[in-house]
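Worksheet: the structure to be examined is printed underneath.
The values are calculated or read from the model by the stated rules, or taken from the named source; none is laboratory data. All figures in this text were calculated on a predicted structure; none of them were measured in a lab. For neighbour counting, all protein chains shown are included, and Cβ atoms are generated from backbone atoms with ideal geometry for every residue, glycine included.
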Amino acid sequence: MEKSQTIKSLIIGLCVVATGAILANGFKKRNATQDSITVVGLGTKLFTSDEILFSGSFAAKAMNAKEAYAIISADKEKVKNFFLSKGFNANEITFSGVDFEKSYRTITIESNNNETKTEQIFDGYIAKQSIVLSCKKNLELMKRIEDVADKTSELVNSGIEFNPNTIQYTYSDLPSLKHDLIEKATQDAKERAKKIVSNANGEIGKLKNASMGVFQITGQGSVEEDSYGGNNDIYSKQKSARITVRLEYELE
């Protein structure tokens with residue numbers, strides 16, 4: 001009887017020890033998931049665009065396509081000579097092909113019983129052509145493009161209604177810019193984590209998770225809010241780029 005009681009006590013004791021070990025291990029794992037800190041770092045940089053694109057279009061209208069083409073061809077020479085007179089070389093000017101479309105006008109017809117109806121009447125062919133000036137990493141040519149963009153209204157004197165588009169500015173080495181910002185944002189996040197934890201007399205441990213925000217490019221001084229899909233300003237020469245990085249560290 002005593003031997004049976006002793007064995008029973010040993011079994012109960014072993015069960016208590018095993019249960020304690022399981023609970024301790026579970027508590028340790030629970031704390032491991034909770035004892036962490038998450039911080040967000042910011043990387044920013046101001047930069048100047050080194051690519052420019054300026055474009056515009058002009059059109060001619062005639063009752064038959066052949067005549068419209070003849071007019072647009074003559075206008076093309078006038079447009080080309082205008083840009084050549086502003087210091088551009090022929091190889092710096094790119095013309096598109098000629099596009100044609102039919103033009104219609106609407107007329108209203110009133111019958112004897114005061115009923116009205118409308119009809120679409122063929123009104124000729126419209127020939128359209130565009131021109132593009134662009135450059136990359138060429139400050140002198142970029143300046144010439146910026147200057148001429150404000151002078152295209154002079155083409156009116158040649159009988160040409162030139163429709164300019166807004167100048168577009170881009171940057172040629174976005175991959176390097178992104179890498180630089182990621183590095184800055186990551187370092188910023190790490191320094192933030194160290195400062196927060198050190199103020200609480202602790203230390204950060206291993207990195208558990210890392211994620212990156214959306215790349216944002218806006219004009220310098222812009223108050224435009226960050227977009228969920230990312231901003232990419234193309235109309236400002238002076239730009240600002242930024243990105244965020246979220247890091248989660250274990251605590252020691």
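Residue-wise test of (1) more than 25 Å from L53 (Cα to Cα); (2) in contact with a strand residue (DSSP E or B) (Cβ under 6 Å, 6 or more places away or on another chain).
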{"residue": "L181", "(1), (2)": "yes, yes"}
{"residue": "V197", "(1), (2)": "yes, yes"}
{"residue": "M212", "(1), (2)": "yes, yes"}
{"residue": "Q216", "(1), (2)": "no, yes"}
{"residue": "G221", "(1), (2)": "no, no"}
{"residue": "Y228", "(1), (2)": "yes, no"}
{"residue": "Y235", "(1), (2)": "no, no"}
{"residue": "R242", "(1), (2)": "no, yes"}
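With respect to (1) in contact with a Phe, Trp or Tyr (Cβ under 7 Å, 6 or more places away or on another chain); (2) surrounded by 17 or more Cβ atoms within 10 Å (Cβ to Cβ); (3) at pLDDT below 95, the lone exception for G230 is condition (2). Set side by side, the residues N114, N165 differ, and just one is without any contact (Cβ under 8 Å) to a residue 40 or more places away in the chain, out of contact with any Pro (no Cβ under 9 Å at 6 or more places or on another chain) and of a type outside the set (G, A, S), which is N114.
On the stretch given as segment 117-137, residues that are over 17 Å from A65 (Cα atoms), in contact (Cβ under 8 Å) with a residue 40 or more places away in the chain, charged (D, E, K, R) and part of a strand (DSSP E or B) total 1.
Taking segment 138-162 as the range and being of a type in the set (V, I, T) and either without any contact (Cβ under 8 Å) to a residue 12 or more places away in the chain or under 27 Å from T44 (Cβ atoms) (or both) as the test, only V156 passes. Residues that are of a type in the set (A, V, I, L, M, F, W, C) and under 30 Å from the mean Cα position of the chain (by Cα) within segment 80-101 comprise I93, F95, listed in sequence order. Apart from one condition, L84 fits all of (1) touching a residue at least 60 places away in the same chain (Cβ under 8 Å); (2) part of a helix (DSSP H, G or I); the exception is (1).
Taking (1) part of a loop (DSSP other than H, G, I, E, B); (2) modelled with pLDDT of 95 or more in turn, N113 satisfies each apart from (2). Any residue at all in segment 214-232 that's farther than 21 Å from T44 by Cβ and aromatic (F, W, Y)? Looking through segment 214-232, none of the residues is farther than 21 Å from T44 by Cβ and aromatic (F, W, Y).
Table: residues versus (1) modelled with pLDDT of 90 or more; (2) surrounded by 12 or more Cβ atoms within 10 Å (Cβ to Cβ).
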site	(1), (2)
N89	yes, no
F100	yes, yes
I109	no, no
G124	yes, yes
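Among the criteria (1) in contact with a Leu (Cβ under 8 Å, 6 or more places away or on another chain); (2) modelled with pLDDT of 95 or more; (3) surrounded by 15 or more Cβ atoms within 10 Å (Cβ to Cβ), the one P164 does not fulfil is (1).
Test K28 against the criterion of being charged (D, E, K, R) and at pLDDT below 50, and give yes or no. Answer is yes for this residue.
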